[in-house]
Amino acid sequence: TLLQTAADAGVALIATRPQGDGERLLGQAWPFPSPFSVSVRTVGLSEGLDRVEARARRSLERLGLPRGDALLISHAGDLAGTEGRALWDRLLALKDRGLFRRIGFCAGVEDGPALLARRFQPDIVQLKCNLLDQRAQHAGVLSELAALDVAVHASSIFADGLLFMNSEALPVEMHRHAPTLSRIRRRLAEARVDPMQATLAYALGLPEVSAVVASVA
C-alpha cells in the first residue's frame, strides 16, 4: 500500500539501506510494472572492500532487481581514508558491469562534499540539507556541486522531526534550542503553513536539488 500510494503520487525514487529487512520487503512488494528508480547504499568500509562489493550485489538480489539506478557510499569519510581510491574503484567496476547506472556518496557539509566530488567525480551526492540546517545552501556547497555537474539528492529533510515535536519531547541535547524551534513554529502558523509543507517546500525549492529523500516507515 505504501509503494502504490507513492507511485500514484508521482514519487519516482526509492532509496534503500542495507540494514534491516527493508530491501527484502521491497523486493516482495513492487507494483508491476514498477515506476521506481532504486538507490542502494553500501555497508561501511570497516567491513572490508570485498564485503562492500558483495553486499551491494546482495542488495540487488534482495530487491529482486537485475540492476539499480544508483549505488552510494554510506559514509563520505570512507573515501577520505587510505582505501578511499580502492573503494571508489570497486564502485566504478560495478557501474562498468552495468549493475548500477550511477555511483556516488552520502555526506554532510562537514565532510567537504565538493572537495570529494572534485577528486572522485561522482554522478550523485546525497547531502543532508533541510529547513533548520541550511549550511549546504548558504556555504555554496550546492552551487559547487551543480557546477561539477553532480546530481544532488537532499536527505534528512525533516531534521529528525524537530519541527514536529513539542518542547517536552525534544532530545536532551536539543533542549537549549526549544525557544528557537517554538519561534519558528509560531511564524509558520502565522503564515498558515504547517511544518510538513514548510520542510518539503524548502527542499523541493532548491534549484540544485534533483531529488528529495524523505524517510518513511
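The values are calculated or read from the model by the stated rules, or taken from the named source; none is laboratory data. All values derive from a computational prediction rather than experimental measurement. Quick reminder, even Gly has a Cβ in these numbers, built from the backbone with ideal geometry, and neighbours come from all protein chains shown. Each accessible area value is taken on the protein alone, full model and side chains, heavy atoms only, with ligands, DNA and RNA left out. Shrake-Rupley method; radii C 1.70, N 1.55, O 1.52, S 1.80 Å.
Computed values, structure above
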item: Residue satisfying condition, being farther than 21 Å from LEU13 by Cβ, among the hydrophobic types (A, V, I, L, M, F, W, C) and surrounded by 15 or more Cβ atoms within 10 Å (Cβ to Cβ), within set LEU71, LEU87; result: LEU87
item: Output for segment 111-135, where each listed residue is in a helix (DSSP H, G or I) and either modelled with pLDDT under 95 or crowded, with 18+ Cβ neighbours inside 10 Å (or both); result: ASP111, PRO113, ALA114, LEU116, ALA117, PHE120
item: Within segment 13-58, considering residues that are of a type in the set (S, T, N, Q) and out of contact with any helix residue (DSSP H, G or I) (no Cβ under 6 Å at 6 or more places or on another chain), the one least open to solvent (accessible area, probe 1.4 Å); result: SER39
item: Scan of segment 149-181 for residues that are modelled with pLDDT of 90 or more, open to solvent by 40 Å² or more (accessible area, probe 1.4 Å) and small (Gly, Ala, Ser), ordered by number; result: SER156
item: One residue from GLY64, GLY98, GLY10 being open to solvent by less than 70 Å² (accessible area, probe 1.4 Å), free of Cβ contacts under 8 Å to residues at least 24 places away in the same chain, at positive phi and out of contact with any His (no Cβ under 9 Å at 6 or more places or on another chain); result: GLY10
item: Hits in segment 136-146 - residues which are of a type in the set (Asp, Glu) and buried (at least 24 other Cβ atoms within 10 Å of the Cβ); result: none
item: Subset of segment 185-205 (residues that are under 15 Å from the mean Cα position of the chain (by Cα) and either assigned to a loop (DSSP other than H, G, I, E, B) or surrounded by fewer than 15 Cβ atoms within 10 Å (Cβ to Cβ) (or both)); result: LEU204
item: Considering residues of segment 27-49 that are aliphatic (A, V, I, L, M), under 18 Å from GLU61 (Cβ atoms) and modelled with pLDDT of 95 or more only, the residue farthest from the chain's Cα centre (by Cα); result: VAL43
item: Matching residues in segment 3-26 - criterion: being closer than 17 Å to GLU61 by Cα and assigned to a helix (DSSP H, G or I); result: GLY22, GLU23, ARG24, LEU25, LEU26
item: Neighbours by Cβ (under 8 Å, 6+ apart or cross-chain): first from segment 37-57, of a type in the set (Lys, Arg); second in a strand (DSSP E or B); result: ARG41/ALA15; ARG41/LEU71; ARG41/LEU72; ARG41/ILE73; ARG41/CYS106
item: Scan of segment 86-109 for residues that are under 21 Å from SER210 (Cα atoms), assigned to a helix (DSSP H, G or I) and under 18 Å from the mean Cα position of the chain (by Cα), ordered by number; result: VAL109
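To keep it simple, each residue is scored yes or no on (1) of a type outside the set (A, V, I, L, M); (2) in contact (Cβ under 8 Å) with a residue 60 or more places away in the chain.
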{"position": "ARG176", "(1), (2)": "yes, no"}
{"position": "PRO179", "(1), (2)": "yes, no"}
{"position": "ARG186", "(1), (2)": "yes, no"}
{"position": "ASP194", "(1), (2)": "yes, no"}
{"position": "TYR202", "(1), (2)": "yes, yes"}
{"position": "GLY205", "(1), (2)": "yes, no"}
{"position": "GLU208", "(1), (2)": "yes, yes"}
{"position": "ALA211", "(1), (2)": "no, yes"}
{"position": "ALA214", "(1), (2)": "no, no"}
